[in-house]
Amino acid sequence: MVDVILLERVEKLGQMGQVVKVRPGYARNYLLPQKKALRATKDNLTYFEKQRGQLEAQNLSRRSEAEQIAKKIEGVSVVVIRQAGESGQLYGSVTARDIADAVTQAGFTVARSQVVLDKAIKTLGLYKQRVVLHPEVAVTVTVNVAQSAEEAGMQAKGVDPVRLAQETAAREAAEAAEISAAQAEDRAPSES
């Protein structure tokens, strides 16, 4: 384990200024290159204490900007068009990049790394996804995964197009069976 000083709040790790123990690979490959932390040496501790006020001021201004953007983005619904099978299973999955691109097309610049995708989206439907604008500011965006813009509109109104298509197909099959049964009765010779 390695001691690092956090330069900003890191989710599930700690607040700015805290000295925390992390695995060497996490520090070397993520925290240090992303400028989210410094190694906890005497020199770095004194440097951090000198720069603390400036870092906190920068963090505060970035957070206020993120909060203003969050008010605009909160509740935004984006549509992602994908091909899918009859059961609604996607051919492939919707990734964080796809969601970031859709939100960017909606007029808000969002990086792939800001989209928190807990599990892969592999079926048609509506999904609530978190977008982290700042380590202390996150918003929820609705992702509407559909096969067409028309289906996306149906899903937004609460109609499940996959189930609707299945019910329509079942109803049509039942009607066809009734018609063929009626025609078979008409053709059968009467035994009177």
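The values are calculated or read from the model by the stated rules, or taken from the named source; none is laboratory data. Just so it is clear, the structure is predicted and the values come from calculations on it, not from any experiment. We place every Cβ from the backbone using ideal geometry, glycine too, and count neighbours over all the protein chains shown. Protein only, heavy atoms only, side chains kept; ligands, DNA and RNA dropped before computing areas. Shrake-Rupley method; radii C 1.70, N 1.55, O 1.52, S 1.80 Å.
Quick notes on this one:
- Enumeration of residues in the range 151-169 that are farther than 26 Å from V115 by Cα and open to solvent by 50 Å² or more (accessible area, probe 1.4 Å): V159, R163, L164, A165, Q166, E167, A169
- Hey, I5 among the hydrophobic types (A, V, I, L, M, F, W, C), within 30 Å of V145 (Cα to Cα) and surrounded by 12 or more Cβ atoms within 10 Å (Cβ to Cβ) or not: no
- A search for C-beta distances below 7 Å between a residue of the range 3-23 that is closer than 17 Å to P135 by Cα and any residue that is open to solvent by 60 Å² or more (accessible area, probe 1.4 Å) and among the basic types (K, R), counting only pairs 6+ apart in sequence or on different chains, returns L7/K35; Q15/R9; M16/R9; G17/R52.
- The number of residues in the range 136-150 that are among the β-branched types (V, I, T) and either free of Cβ contacts under 8 Å to residues at least 12 places away in the same chain or surrounded by fewer than 16 Cβ atoms within 10 Å (Cβ to Cβ) (or both) comes to 2.
- First in the range 48-68 and within 17 Å of L38 (Cα to Cα), second anywhere and surrounded by 13 or more Cβ atoms within 10 Å (Cβ to Cβ) and hydrophobic (A, V, I, L, M, F, W, C), Cβ under 6 Å, 6 or more apart: F48/I5
Yes/no matrix, rows are residues, columns are (1) closer than 23 Å to M154 by Cα; (2) buried (at least 17 other Cβ atoms within 10 Å of the Cβ); (3) free of Cβ contacts under 8 Å to residues at least 40 places away in the same chain; (4) polar (S, T, N, Q):
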site	(1), (2), (3), (4)
E74	yes, no, no, no
E86	yes, no, no, no
Y91	yes, no, yes, no
T95	yes, no, yes, yes
F108	no, yes, yes, no
A111	no, no, yes, no
Q114	no, yes, yes, yes
K119	no, no, yes, no
H134	no, yes, no, no
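- Residues that are assigned to a loop (DSSP other than H, G, I, E, B), closer than 21 Å to E136 by Cβ and either open to solvent by less than 70 Å² (accessible area, probe 1.4 Å) or in contact with a strand residue (DSSP E or B) (Cβ under 8 Å, 6 or more places away or on another chain) (or both), drawn from the range 12-31: L13, Q15, M16, G17, Q18
- Residues (of a type in the set (S, T, N, Q) and in a helix (DSSP H, G or I)) located in the range 51-94: Q51, Q54, Q58, N59, S61, S64, Q68
- Residue within the range 50-68 that is touching a strand residue (DSSP E or B) at 6+ places or on another chain (Cβ under 7 Å) and among the hydroxyl-bearing types (S, T, Y) present: no
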